[in-house]
Each structure stands twice: as structure tokens, then as C-alpha cells.
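**Student:** Here you go, one structure.
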Amino acid sequence: MTVYSRRSFLARSVAATIGVGVHLSHPGRAMGGWFGWWKKTDVTGESLAVGPLSGFAEGKWTSVQIGKIAPSGKDVTGLKILVWRQGPKAYAMSSRCTHRGCRVEVRTDGTFRCPCHGAQFDSAGRVTRGPATEPLTWYATRITDSGVVVVETASEIEPPSGLSAK
Ligand code: FES
């Protein structure tokens, strides 16, 4: 995966600025689906430190609850990013449904379903059932020297290939 680094970023200071809680996503468990949080949550352009790579389970999605304040000072309460660890790399996808912004659920087969109006997405985030018409958004990531995964929400990428579930 191509890793983009659009700006200087000190993981330690960011980690101290935003609180991050990591919640393992068990397949089939709902991650919730409500509208309001996304409307006040514009993370475009944020560099979000989501935790140490070693803290993510290999070969499965982990839903990361971002804390209150992003580096820019925006309130990102309620934002969740899906992170997938594959060996020394991490991949990130928005859990925001592209229909009206509800949070998608991870299903047991690695696909996604939106609880609000039933849109479905394959394991790469492509729409398999409407009403959504646009795929889920993948973000570039990078790993800091201290091993922290940073999600670059300004850099959208194509779905990576070769992710294998464990
Ligand atoms: S918000 Fe997801 S299907 Fe409508």
C-alpha cells in the first residue's frame, strides 16, 4: 500500500491531545448506526493516531473510537474508524455509510451492512445492495517510528488487495 505523509506529525503529542479507545469488532456485532455524530464530524484532512500497531488483532477489523478532540481542534466525538492489521501494515476504512452516514456493521463473512436502510458492501467496501451507491472510503495509513498507526483522512486510497482474514 502506498503510504502518504502529508504533514509533519508527532504521534506522542497527538496521542496526548486526543483520547483513543480501541474496541474489538466481533463479527456480526452491531457497531451502532445513528445519524447525528457524522454531521458534526468532518475529519477530512485529519491525521488521526489510532493506537499502537501491536494492539490490533491480525486479520480482522477493529473498530476504533476516536476521542474528543482531533489535532485540528475539531470535535470528533463518536467517530469510528475501522482498522485492519496485516503483518507490519495497517489499513483503515471509514465506518460511515455512504448513503446517509450511519455506521456500518461488520458481518461474520467480512462484509458490511448498514442498519439504517439496509445497504450492503463487500469486504472491499464496494456496494452490493442499495440504497447506497458509493463505496466505503479507505484511508492511507502510516506507522510512526514508535509504532503508532496514523490514519490520514486527507488521503483516500483504492481498496488494497490481498487482505486475508484470520
Ligand atoms: S444510511 Fe446506510 S443505508 Fe441509509
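**Student:** If I go through segment 111-145 residue by residue, how many of them are surrounded by 16 or more Cβ atoms within 10 Å (Cβ to Cβ) and assigned to a strand (DSSP E or B)?
**Tutor:** Number of matching residues: 11.
**Student:** Now for a different question. Report, by residue number, each residue of segment 35-76 that is under 14 Å from the mean Cα position of the chain (by Cα) and either of a type in the set (V, I, T) or modelled with pLDDT under 70 (or both).
**Tutor:** If the condition is that a residue be under 14 Å from the mean Cα position of the chain (by Cα) and either of a type in the set (V, I, T) or modelled with pLDDT under 70 (or both), then W38, T41, D42, V43, T44, V50, T62, V64, I66, G67, V76 are the ones that fit.
**Student:** Filter segment 79-130 for residues that are within 16 Å of the ligand (Cβ to nearest atom) and at positive phi; which is modelled with the lowest pLDDT?
**Tutor:** In this case the residue turns out to be G101.
**Student:** Pick out the one residue from T108, T153 that is among the β-branched types (V, I, T), assigned to a loop (DSSP other than H, G, I, E, B) and in contact (Cβ under 8 Å) with a residue 24 or more places away in the chain.
**Tutor:** T108
The values are calculated or read from the model by the stated rules, or taken from the named source; none is laboratory data. Since we're looking at a predicted model, the values are computed, not measured. Don't worry about glycine lacking a Cβ; one is built from the backbone with ideal geometry, like all the others, and counts go over all protein chains shown.
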